[in-house]
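Data first, discussion second: the structure below is written as structure tokens.
The values are calculated or read from the model by the stated rules, or taken from the named source; none is laboratory data. In this text the structure is predicted, and so the values were computed from the model without any measurement. Neighbour counts are summed over all protein chains in view; Cβ atoms, including those assigned to glycine, are modelled from backbone coordinates with ideal geometry.
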Amino acid sequence: MLETPTAATPGVATPALSGGRRTVDVVYGYLMGVFVLAVLVQIFLAGVGAFGEHNKPHSGSFDPHENLGHYLGIVAVVLLILALVARASTRVMVWSFVLALLTEVAQEGLASGGRSNKWVGGFHAFDAALILGVSLWLLYLWRRRQAAR
């Protein structure tokens, strides 16, 4: 498979994707779009939890945020699998791996540590900003691949 620069992305080599891999890449892109929207909802739910009745025992104000976070971790792993199957580019595969690590591993650890240390909790929020940035970057790269076809 020969990689060549395209008119849509001057100087950027994009691999030619065949039928099945192209379909997987399209699924990857649409799922990444849903992921980006879900991350934005997740940020909103964090605000709801922060300003909810969290000072009352068992109020559950962070429950929607926590539940969506678990689903986002699963979706990040699915996105990694799709990126590996599509083999769109090494960059996409590596950044999808980083996204899965940030979402599934780092967020879980930082959320757990943030219960006893506010500074660790602060890094939980910072990691969320990284997740949003990486997912937007991957969506952008996918849009460029689509424009090049």
Review point. Considering Leu138, Leu110, which residue is aliphatic (A, V, I, L, M) and closer than 16 Å to Phe97 by Cα?
Key: Leu138
Point to revise | Some residue of the range 4-15 being within 19 Å of Val134 (Cβ to Cβ) and at pLDDT 95 or above | key: no
Check your understanding: So, of the residues in the range 99-149 that are surrounded by 19 or more Cβ atoms within 10 Å (Cβ to Cβ) and hydroxyl-bearing (Ser, Thr, Tyr), which turns out to be nearest to Ala76 (Cα to Cα)?
Key -> Thr103
Point to revise | Filter result (farther than 17 Å from His65 by Cβ and of a type outside the set (Val, Ile, Thr)) within the range 90-117 | key: Arg91, Met93, Trp95, Ser96, Phe97, Leu99, Ala100, Leu101, Ser116, Asn117
Review point. Taking the condition within 28 Å of Ala147 (Cα to Cα), part of a helix (DSSP H, G or I), of a type outside the set (Val, Ile, Thr) and at pLDDT below 95, does Gly20 pass?
Key: yes
Exercise for review: With respect to Ala38, determine if the residue is outside any helix (DSSP H, G or I) and not basic (Lys, Arg).
Suggested key: no
Review point. Residue check: is Leu82 within 18 Å of Arg21 (Cβ to Cβ), out of contact with any Asp or Glu (no Cβ under 6 Å at 6 or more places or on another chain) and surrounded by 15 or more Cβ atoms within 10 Å (Cβ to Cβ)?
Key: yes
Revision key, fill the gap. Filtering the range 29-84 down to residues that are of a type in the set (Ser, Thr, Tyr) and free of Cβ contacts under 8 Å to residues at least 24 places away in the same chain yields Tyr30, Ser59, Ser61
